[in-house]
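Please read the structure below before turning to the comments.
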Amino acid sequence: MSERERLILKLCVVSLLSVEMLCISSVDASILKSETFKTYIDTFNTNDEELYKNTYPNVQTWDFLQKNIPLFECPDKNFERTWYFRWWTYRKHIKRTPDGFVVTEFLPKVPWSKKHNTINCPAGHQFYEGRWLHDQTFLDDYAIFYFRKGGSPNQYSTWLADAMYHRYLVNHNAGFITELLDDLIRYYQVWEKERLADDGLFWQWDGNDGMEVSIGGHGKRATINSYMYGDAVAIAKIAGMANNSELQVEYTAKAKRLRQLILEHLWDDEAQFFKILPNIKPQNEENKKTVKPSLIDVRELHGYTPWYFNIPPDNSKYQAAWKQIMDPKGFYAPYGPTTAEQRHPRFAVSYEGHECQWNGPSWPLSTSITLRAMANVIRKYTQEVVTAEDYFDLLNIYTKCHARTRKDGKVVPWIDENINPFTGEWISRTRLKNWGWQAQRGGKERGKDYNHSAYCDLIITGLVGLTPRPDDILEVNPLLPEEQWDYFCLDNVLYHGHIVTILWDKTGKHYNRNKGLGIYADGKLLASSPALTPLKAKLPN
């Protein structure tokens, strides 16, 4: 198929989806009304110093968001406000280019970015988060850009194939994802060529993992190896969808082999944690013997990455790692979790040296990964180490982090780079401001509205519990502790071509619909339960 034919096919698919979406929205089956939440957007715009503009500036925000985002309501206004704030910031990073739409990480141009100011490091989060936007054009273009329009998909470690497959689980556009199969294979092969060691594990510089100045340093890290596992699994599934059994078998085998190596070589039995295995090269060309490397003696938050992809087996030996997440000597902190265990002698929250350090400060990219991994552990593993209450606690802390106190004492919603886990101060912002907002470091307010993490997806798939699937079953498995909120509503979710609503009303009197938990498609109640328990129902044809 030629590039022109691919483009025509893509436009046809987008047009059909748009028509389908318009037909659905013509019947008002919504419970929440978008106008109810406009005051959040107005307040964000009023408080904003709009230094950098992309395709949708602040004056167009409301028009863009009410057409594109799911709506969320709950009694905790901090959660609610942060939901709309994160969609408000995500919109800022959608950028129209001669190569179609892309999604940026930083709003100002930074020297280490690639074409159109893109950086692939957070692309996995950007696809997971953006998959809930109604207009599919943005991420369709962004995906094609990475592989065919000059993007740099292998600049940093990331999990593009996995993220694009999980986007398919929401939009159900099999034609688009299977058409990218060859591109995803080439992307995977570049990683094999550049980062695959002789023992079968992938290695990475910590800076190219997006985790500079880490205690563990370079080597065979749980991050890149987990990403490559997730990508191999995704490619195998996409190959199966494309009826390419040979590729499906090949990439299933790659994933199985890599999973085995991660469990055998990156797990520390004594510390009960996944750690970094250093790269040890031959001592000289004549003597090929090497000293067997030992795992780096530090627990770091990225050691939870394997659970993001469900790599560890259902075995208490591995689930013991989660004892550290709620331990104040481990990763737990008022504005955490920390990126390294606090008991380690090299743990630091430093205001000297590099402005971004993974040796202690909290980092939204890794917090997002950890929360999704934690949700998987609670739902899919037999364990008593972490609970839904723990998940809510950490998500609440993460929500609380979205703030900055201005000079006038006013607290405004904020997302930036790294945060002091004990005070909530955005460290890199303080450092860069003190240095005079140097142009070579990205200029004024480089990290403001930083698009390097996820939040709304953690509400949808984590707290509320919508579980994207390839079939026509609507599955919901909430992680909200029943005693926390008397009500919530997630509405206007475009899923498999339907408008989905998930509603919790403890008494049945807040929304006057169902009592308890209810799941709806296109305004029709499909299933309900008096308690916050898992629900499944078949989507209508």
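The values are calculated or read from the model by the stated rules, or taken from the named source; none is laboratory data. Please read these numbers as outputs of a predicted model, since none were measured by experiment. Neighbour counts run over all protein chains shown; Cβ positions are idealised from the backbone, glycine included.
So here's what we get for this one:
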{"read-out": "Matching residues, segment 228-280, being in contact with a Lys or Arg (Cβ under 6 Å, 6 or more places away or on another chain) and more than 29 Å from Ser294 (Cα to Cα)", "value": "none"}
{"read-out": "Residues within segment 192-207 that are outside any loop (DSSP other than H, G, I, E, B) and buried (at least 19 other Cβ atoms within 10 Å of the Cβ), tallied", "value": "3"}
{"read-out": "Residue within segment 397-411 that is in the same structural domain as Leu133 (by TED's automatic domain parsing), farther than 25 Å from Phe309 by Cα, part of a helix (DSSP H, G or I) and in contact (Cβ under 8 Å) with a residue 12 or more places away in the chain present", "value": "yes"}
{"read-out": "Any hit, segment 368-375, residues being within 29 Å of Gly230 (Cα to Cα), over 21 Å from the mean Cα position of the chain (by Cα) and either of a type in the set (A, V, I, L, M) or surrounded by 20 or more Cβ atoms within 10 Å (Cβ to Cβ) (or both)", "value": "no"}
{"read-out": "Residue match in segment 74-83 (condition: closer than 29 Å to Asp231 by Cβ, in the same structural domain as Arg167 (by TED's automatic domain parsing), assigned to a loop (DSSP other than H, G, I, E, B) and in contact (Cβ under 8 Å) with a residue 40 or more places away in the chain)", "value": "no"}
{"read-out": "Subset of segment 91-136 that is of a type in the set (S, T, N, Q) and over 14 Å from the mean Cα position of the chain (by Cα) - its residue that is farthest from Leu65 (Cα to Cα)", "value": "Ser113"}
{"read-out": "Any hit, segment 422-441, residues being among the basic types (Lys, Arg) and touching a residue at least 60 places away in the same chain (Cβ under 8 Å)", "value": "yes"}
{"read-out": "Test: residue in segment 249-260 that is touching a residue at least 60 places away in the same chain (Cβ under 8 Å) and surrounded by fewer than 19 Cβ atoms within 10 Å (Cβ to Cβ)", "value": "no"}
{"read-out": "Candidate set from segment 124-164 (those that are in contact with a Lys or Arg (Cβ under 6 Å, 6 or more places away or on another chain) and either surrounded by 24 or more Cβ atoms within 10 Å (Cβ to Cβ) or of a type in the set (Gly, Ala, Ser) (or both)); member that is nearest to Asp472 (Cα to Cα)", "value": "Phe127"}
{"read-out": "Extreme residue, surrounded by the fewest Cβ atoms within 10 Å (Cβ to Cβ), among residues of segment 320-337 that are part of a helix (DSSP H, G or I) and small (Gly, Ala, Ser)", "value": "Ala320"}
{"read-out": "Residue count for segment 425-471, restricted to those that are out of contact with any helix residue (DSSP H, G or I) (no Cβ under 9 Å at 6 or more places or on another chain), within 21 Å of Tyr168 (Cα to Cα) and not acidic (Asp, Glu)", "value": "2"}
{"read-out": "Residues that are buried (at least 24 other Cβ atoms within 10 Å of the Cβ) and either without any contact (Cβ under 8 Å) to a residue 40 or more places away in the chain or closer than 19 Å to Glu194 by Cβ (or both), drawn from segment 233-248", "value": "Ile235"}
{"read-out": "Answer residue from segment 329-367, given it is aromatic (Phe, Trp, Tyr) and within 21 Å of the chain's Cα centre (by Cα) and is nearest to Gln272 (Cα to Cα) among those", "value": "Phe331"}
{"read-out": "Residue match in segment 399-409 (condition: among the basic types (Lys, Arg), surrounded by fewer than 21 Cβ atoms within 10 Å (Cβ to Cβ) and farther than 26 Å from Ile69 by Cβ)", "value": "yes"}
{"read-out": "Any chance Lys538 is over 25 Å from the mean Cα position of the chain (by Cα) and touching a residue at least 24 places away in the same chain (Cβ under 8 Å)", "value": "yes"}
{"read-out": "Number of the exception - Thr104 against (1) under 19 Å from Gly175 (Cβ atoms); (2) touching a His at 6+ places or on another chain (Cβ under 7 Å)", "value": "(1)"}
{"read-out": "Leu139 within 15 Å of the chain's Cα centre (by Cα) and over 23 Å from Leu295 (Cβ atoms)", "value": "yes"}
{"read-out": "So Lys444, is it in a loop (DSSP other than H, G, I, E, B), surrounded by fewer than 23 Cβ atoms within 10 Å (Cβ to Cβ) and not small (Gly, Ala, Ser)", "value": "yes"}
{"read-out": "Qualifying residue in segment 469-492 (condition: surrounded by 15 or more Cβ atoms within 10 Å (Cβ to Cβ), in a helix (DSSP H, G or I) and at pLDDT 95 or above)", "value": "no"}
{"read-out": "Search result, residues across segment 507-525 that are more than 20 Å from Glu475 (Cα to Cα) and free of Cβ contacts under 8 Å to residues at least 24 places away in the same chain", "value": "Thr507, Gly508, Lys509, Asn512"}
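Here is a yes/no grid of residues against (1) farther than 25 Å from Leu160 by Cβ; (2) not in a helix (DSSP H, G or I):
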| site | (1), (2) |
| --- | --- |
| Pro312 | no, yes |
| Tyr318 | yes, no |
| His344 | yes, yes |
| Ser366 | no, no |
